[in-house]
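Working notes, beginning with the structure itself.
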Amino acid sequence: MMKRSLTRVLNIFGGAALVLLAAGALGAAAAATLRSEVLVDSDTVRLGDVFQDAGGEADKVIATAPAPGRKLVLEATWLYRVARAYRVAWRPASRLDRTVVKRASNIIPASRIAAILSSELRRRLGENEKLDIEFDNRAMRIYLPASLPASVKVRTMDIDRQDNRFAAILVAPDNRPGAVRMSVSGQYHRLVEVPVVTHRMRPGDRISKGDLDWITVRAGKLDRNALLNPTKIVGMSPRRVLVPDKPIRAGDIRLPILVEKGSVVTLMFRTARMTLSARGKAIQSGSKGDTIRVRNTDSKKVVDAVVTASGEVSVVSTTRTAMN
């Protein structure tokens, strides 16, 4: 009866029926599923890593795992041959089917490598300065098998003090079998701590200790006139606008302006026996200790005077004529 029904279907639908029947039979048998991404923690790739429900042959080794930090791409054609060889019920849906195998690893980042090299450089150079390491290989990092600790040691190091360069051989984690050996090179830069303002400050402002913070910069990029001692900055006033995180040069600041140009000041004349005072108008601005020109309001005479306090100047002349 079934044979007659099958014959009838074939007579009606022809070759199309054969295709549908074959696809149905394959679907019934295709129990295995391909994993698109695989993470392995050993040096081999097994059948069960790649195919889910691989059956009794799941533990069979089918490939060598990639090195830590690298990947292995298994293409559809190769996977199909493996599936047939181990009687796994799987076939690719298209040539785009593939599996990407990655190796589990411990990663030592460039920052940790730089810290180890910086410590070794300071020891060999006999310096306590902070150093900034710049690798020739900007993608510097070390990948270790997951079974090894993420540590690194400097085995050898050569230093070019004239050009501030280094070349070293690293071992990670140490000299044990299976450890990674790597050559690295680059340049080291000395670092300095520099005081900077924390916010914009304008002429007329007075810089206090609370206005300052510290940044770290390479010594080779620092202006030779940059101020490194905050005591030379606190209490001063900007000559021009100061911006945050930018080193302050000696020419950027001055003593605070105590007498503004055009302001009314008190002219003082002092001797051992007397003190005279008069009113004047400042022709120039000045900080404490500056000598400026001042016009006596009453006599209209212009005299040289030294700024002594806010709104107060001391007449330079040794005679009383300037006060009259």
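The values are calculated or read from the model by the stated rules, or taken from the named source; none is laboratory data. These figures come from a predicted structure and were not determined experimentally. Because the Cβ atoms are built from the backbone with ideal geometry, glycine has one as well, and the counts that use them run over all protein chains shown.
For the stretch 65-88: of the residues being outside any helix (DSSP H, G or I) and touching a Leu at 6+ places or on another chain (Cβ under 8 Å), which is nearest to residue 139 (Cα to Cα)?
68
Only one residue in 79, 47, 117 is at pLDDT 95 or above and either at positive phi or assigned by TED's automatic domain parsing to the domain that holds residue 151 (or both), so which one is that?
After ruling out the rest, the residue left standing is 117.
If only one of 136, 223, 213 is modelled with pLDDT of 95 or more, in the same structural domain as residue 248 (by TED's automatic domain parsing) and either of a type in the set (D, E, K, R) or out of contact with any Ser or Thr (no Cβ under 6 Å at 6 or more places or on another chain) (or both), which one is it?
213
Taking residue 201 and the conditions (1) surrounded by fewer than 17 Cβ atoms within 10 Å (Cβ to Cβ); (2) over 26 Å from residue 122 (Cα atoms); (3) modelled with pLDDT of 95 or more, which numbered condition does it fall short on, given that it satisfies the others?
(1)
Restricting to the stretch 232-287, and then to whatever is assigned to a loop (DSSP other than H, G, I, E, B) and of a type in the set (Lys, Arg), can you tell me which residue is modelled with the highest pLDDT? Step through it out loud before you land on a result.
The initial filter retains those residues of the stretch 232-287 that are assigned to a loop (DSSP other than H, G, I, E, B), namely 233-236, 239-241, 243-248, 255-256, 260-263, 271-274, 283-285.
Now narrow it down to the ones that are of a type in the set (Lys, Arg): 239-240, 246, 261, 273.
On the way: 239: 91, 240: 93, 246: 96, 261: 93, 273: 84.
Going through the qualifying residues, I end up with 246.
Could you tell me how many of the residues in the stretch 226-242 are surrounded by 13 or more Cβ atoms within 10 Å (Cβ to Cβ) and either in the same structural domain as residue 287 (by TED's automatic domain parsing) or closer than 27 Å to residue 129 by Cβ (or both)?
The total comes to 8.
Please state which of the following conditions residue 114 fails to meet, knowing it meets all the rest: (1) under 21 Å from residue 149 (Cβ atoms); (2) part of a strand (DSSP E or B).
Result: residue 114 fails condition (2) only.
What are the pairs with Cβ atoms under 9 angstrom where one residue, in the stretch 86-105, is farther than 14 Å from residue 46 by Cβ and in contact (Cβ under 8 Å) with a residue 60 or more places away in the chain and the other, located anywhere, is assigned to a strand (DSSP E or B) and of a type in the set (S, T, N, Q)? Sequence gap at least six, or different chains.
90/33
On the basis of being surrounded by 12 or more Cβ atoms within 10 Å (Cβ to Cβ) and without any contact (Cβ under 8 Å) to a residue 40 or more places away in the chain, does residue 251 make the cut?
no
Just wondering, is there one or more residues in the stretch 78-101 that are out of contact with any Lys or Arg (no Cβ under 7 Å at 6 or more places or on another chain), surrounded by fewer than 18 Cβ atoms within 10 Å (Cβ to Cβ) and over 27 Å from residue 37 (Cβ atoms)?
no
So which residues in the stretch 135-158 are buried (at least 16 other Cβ atoms within 10 Å of the Cβ) and not in a loop (DSSP other than H, G, I, E, B), if there are any at all?
Correct list: 135, 142, 143, 144, 145, 154, 157.
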